[in-house]
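Comments concern the structure below.
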Amino acid sequence: MKKAINKYIITIDDDDDFNSYLKLLLNKVGIRSSVTKSPEKFLKKLKENNPDLCLIDLNLDIASGAGFQLIQAIRKIKGNDITIFVLSRRSTSEDIEKAFKLGANDFISKPLDDAIFLSKIEKFLDLRELTKTLPLYSIDEKDSPCEFSLYFNLLELTEYKLKVKSLNFLDIGQVFYITGPILNEIYGTSKPLLFSVTHYEKHNDHFHLDLSYDNSSPELRFACRKWLLENSTIF
């Protein structure tokens, strides 16, 4: 059994399945939690207790964006001592900026990535043991060359992007070079091509990643279009 950690979290989300999963995930690492669906129950729990962290969904059944008002209420009732995470599918730059201005400490987009979620909780609650059992690998952040191998299955191809299946998570904005026989065949070059992650979705034990490349090159676009026309039955 996981040793209990002296930390307490209150959450609000109107999705019963997500609430159950979140409570199970926190329980697995030894953190006590109260999951709520309504602002009334959430605020009642907040006034009765002193949580170490609150998890707020922005869109609730009562109103779209009701979570913003809850962030304000937390700061009014408890001040700045409680950490607030926004955990929401609403992830435009405007939503994120507004949440931070109202007092949120961090913003996590759904669908939830367990490893990233727990690592953020570890950072804000100063828990050193949460991610010890997670398959995380550290990469040197100094200005020095770094090379590593990831394996993808190609799911979809357009002139502008690849959709791939991977066991590895890559966050939006990550930039890297990719090479391999299939890319050589599609783009007609053996040189590594620069891609960036523009979207991801979590599917059980793997991820679907949208990888966009620099399509300003007419040669690459033409080669990709030609390959698509010749292999139109594949995709």
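The values are calculated or read from the model by the stated rules, or taken from the named source; none is laboratory data. Computed from a predicted model, the values in this text were never measured in an experiment. Note that we place each Cβ from the backbone using ideal geometry, even for glycine, and neighbour counts take in every protein chain shown.
Observations, loosely collected:
- Elements of type helices (runs of 4 or more DSSP H) contained in the range 93-195, each with 3 or more residues being over 30 Å from GLN72 (Cβ atoms) and either modelled with pLDDT under 85 or touching a Pro at 6+ places or on another chain (Cβ under 7 Å) (or both): 181-187
- Beta carbons closer than 9 Å, at least 6 apart along the sequence or on distinct chains, pair a first residue in the range 155-169 that is assigned by TED's automatic domain parsing to the domain that holds HIS203 with a second that is assigned to a loop (DSSP other than H, G, I, E, B) and surrounded by 15 or more Cβ atoms within 10 Å (Cβ to Cβ) for PHE169/ASP113.
- Subset of the range 53-69 (residues that are within 22 Å of the chain's Cα centre (by Cα) and not β-branched (Val, Ile, Thr)): LEU53, CYS54, LEU55, ASP57, LEU58, ASN59, LEU60, SER64, GLY65, ALA66, GLY67, PHE68
- Screening the candidates THR83, THR36, THR92 for the property of being over 28 Å from ASP171 (Cα atoms) and of a type outside the set (Phe, Trp, Tyr) yields one hit, THR36.
- Pick from the range 24-79, criterion surrounded by fewer than 16 Cβ atoms within 10 Å (Cβ to Cβ) and among the acidic types (Asp, Glu), ranking: modelled with the lowest pLDDT: ASP61
- Scanning the range 105-124 for residues that are under 9 Å from the mean Cα position of the chain (by Cα) and charged (D, E, K, R) turns up LYS110, ASP113, ASP114.
- Taken over the range 199-232, residues that are exposed (fewer than 14 other Cβ atoms within 10 Å of the Cβ) and under 26 Å from ASN168 (Cβ atoms) amount to 7.
- With respect to the conditions (1) touching a residue at least 24 places away in the same chain (Cβ under 8 Å); (2) surrounded by fewer than 18 Cβ atoms within 10 Å (Cβ to Cβ); (3) under 22 Å from the mean Cα position of the chain (by Cα), SER91 lacks only one, and its number is (1).
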